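The values are calculated or read from the model by the stated rules, or taken from the named source; none is laboratory data. Remember, predicted model here, so these are calculated numbers, not experimental data. Every residue, glycine among them, receives a Cβ derived from its backbone with ideal geometry; neighbour counts consider all protein chains shown.
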Amino acid sequence: MGFGAAAEGTKARYAASQWAPRSARYFRGVSVFRKEGLMKARARSLDDWLNEILRLPTAPFHEQQVTGRIKAFARERGLGLKEDRAGNLVLEYRHAARGRQPVAFCCHTDHPGFEVIAARGRQATLRLLGGVDEPTLRRSRIRLLGAGGPVRAEVLAVTMAKDRRKDDTTLRVRVASPVAVGDWGHFDLLPLSLAGGKIRSKALDNVLSATLILKLLDDFSAEKRSGHVYGVFTAAEEVGFVGAMELMRSGLLPRRVPMVVMETSRELPGFKIGAGPVVRVGDRLSVYDDELTRWLTETAEALAKQDKHFRFQRALMPGGACEASLYQLEGRATCALAVALANYHNMGPRGAAAEWVSRSDAEQMLQLLTALTASGPQPGRREALRRLIWKQHRRYAGRFRRGGRAAA
């Protein structure tokens, strides 16, 4: 997640970097996919989904392998599926949900990565896409992906951007075999490990959230559970929310649908890895919708009463900004959830390192998503709280003197 790069100059890359299959019909820059054969198989396990999604490579404007798998799943399950020119996806599940307010769980599908902008022989110049500090870049190895297959790259020099709002940090690298302009890649790190009660991967921010949303949709569709839920998957968040901006322009998601933005966020004082999912009340840019946040909190509290093992946290998470702030600015009813993360953006204590989260935090996040989908947003919480507060006022109002008294 990040707002470290300017959105200007990046939108033009959409057309060249994203694709849509032939089964779509188009209008106003949006493609709507036909529902194909329904898959009647039982839902995959969480481990199956983690192995299937987290091993895939991704970077800003290069999310196609992740989004391709999401689209394939939507067709298998017969879910509603829409895509805009940015490669943003909106999946819809609805069953026995008459009169129930829908909810959208939202996440981005990219992670900081690199693009080849110049190449000659066994050397190349890469542009950084996303926010990573200089010490991490200097002490890293990179895996580039091109027509000839994966190519490992060794960092020779780093030139950091003078303005952090622009994506002009570059790296000079030595490559194991020739690469071409337009090739792209990511840190050469562990694809996935599920050992020791941790989920470790080259890219959890924010592909882990995408994995949990897919697992949720898989569970509900396989068992035909009652609910009305959208899965929203955006592109190019790491360079300044530009995919989310395009989502607002394209209108893929009905405006009336409340949005729950999911993130993996760096651990800071006030919220801990291993203490459960976080009800995120805001980020460094804004605070979120109070009524929706109360819904998240009350649902989590009810789960904690039912299940003594369920834990959750509630915190302002100022370590960065997320798409929820943009959606708020666009007038959308928005709240947020997060899982605390170590080695944010692969910035480890000794150079590039795999990100990791507590497995129990991820599992309890899925538990919370399931409960939220089952209940649906319930309007009126703000008014109910107001009535409760004024009830206390009525209890004691008779003790105040009538008419008041002028100050001396």
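Taking region 68-108, which residues are charged (D, E, K, R), out of contact with any Ser or Thr (no Cβ under 9 Å at 6 or more places or on another chain), surrounded by fewer than 20 Cβ atoms within 10 Å (Cβ to Cβ) and not in a helix (DSSP H, G or I)?
If the condition is that a residue be charged (D, E, K, R), out of contact with any Ser or Thr (no Cβ under 9 Å at 6 or more places or on another chain), surrounded by fewer than 20 Cβ atoms within 10 Å (Cβ to Cβ) and not in a helix (DSSP H, G or I), then Arg94, Arg98 are the ones that fit.
Condition first: closer than 26 Å to Thr125 by Cβ, among the aliphatic types (A, V, I, L, M) and touching a helix residue (DSSP H, G or I) at 6+ places or on another chain (Cβ under 7 Å). Now tell me which residues in region 181-195 satisfy that.
Across region 181-195, the qualifying residue is only Leu189.
Anything in region 109-132 that is part of a loop (DSSP other than H, G, I, E, B) and more than 30 Å from Pro258 (Cβ to Cβ)? List them, or say none.
Correct list: Gly121, Arg122, Val132.
So, in region 133-160, of the ones that are aliphatic (A, V, I, L, M) and in a loop (DSSP other than H, G, I, E, B), which residue ends up modelled with the lowest pLDDT?
Result: Ala147.
For region 164-176, how many residues are assigned to a loop (DSSP other than H, G, I, E, B) and either free of Cβ contacts under 8 Å to residues at least 40 places away in the same chain or of a type in the set (A, V, I, L, M, F, W, C) (or both)?
1
Being among the polar types (S, T, N, Q) and touching a residue at least 60 places away in the same chain (Cβ under 8 Å) is the filter; apply it to region 123-163 and report the residue that is farthest from Asn346 (Cα to Cα).
Looking at the filtered set, the residue picked out is Ser140.
Among the candidates Leu247, Leu285, single out the residue that is surrounded by fewer than 24 Cβ atoms within 10 Å (Cβ to Cβ) and more than 12 Å from the chain's Cα centre (by Cα).
Answer to the selection: Leu285.
May I ask you to list the residues in region 268-277 that are out of contact with any Ser or Thr (no Cβ under 7 Å at 6 or more places or on another chain) and either among the β-branched types (Val, Ile, Thr) or surrounded by fewer than 21 Cβ atoms within 10 Å (Cβ to Cβ) (or both)?
Leu268, Pro269, Gly270, Lys272, Ala275
I need the full set of residues from region 51-67 which are in a helix (DSSP H, G or I) and among the hydrophobic types (A, V, I, L, M, F, W, C), in order please.
Ile53, Val66
Looking for whichever is over 27 Å from Gly274 (Cα atoms) and in a helix (DSSP H, G or I) here; the options are Gly243, Gly185. Which one fits?
That would be Gly243, the only listed residue that is over 27 Å from Gly274 (Cα atoms) and in a helix (DSSP H, G or I).
The conditions are (1) over 17 Å from the mean Cα position of the chain (by Cα); (2) crowded, with 24+ Cβ neighbours inside 10 Å; (3) at pLDDT below 95, and Ser265 fails exactly one of them. Which is it?
Of (1) over 17 Å from the mean Cα position of the chain (by Cα); (2) crowded, with 24+ Cβ neighbours inside 10 Å; (3) at pLDDT below 95, only one is false for Ser265: (1).
Looking at region 180-200, can you tell me whether even one residue there is more than 20 Å from Leu296 (Cβ to Cβ) and within 16 Å of the chain's Cα centre (by Cα)?
There is no residue in region 180-200 that is more than 20 Å from Leu296 (Cβ to Cβ) and within 16 Å of the chain's Cα centre (by Cα).
Within region 216-240, restricting attention to residues that are part of a helix (DSSP H, G or I) and hydrophobic (A, V, I, L, M, F, W, C), which residue is farthest from Cys106 (Cα to Cα)?
Checking each candidate, the answer is Ala222.
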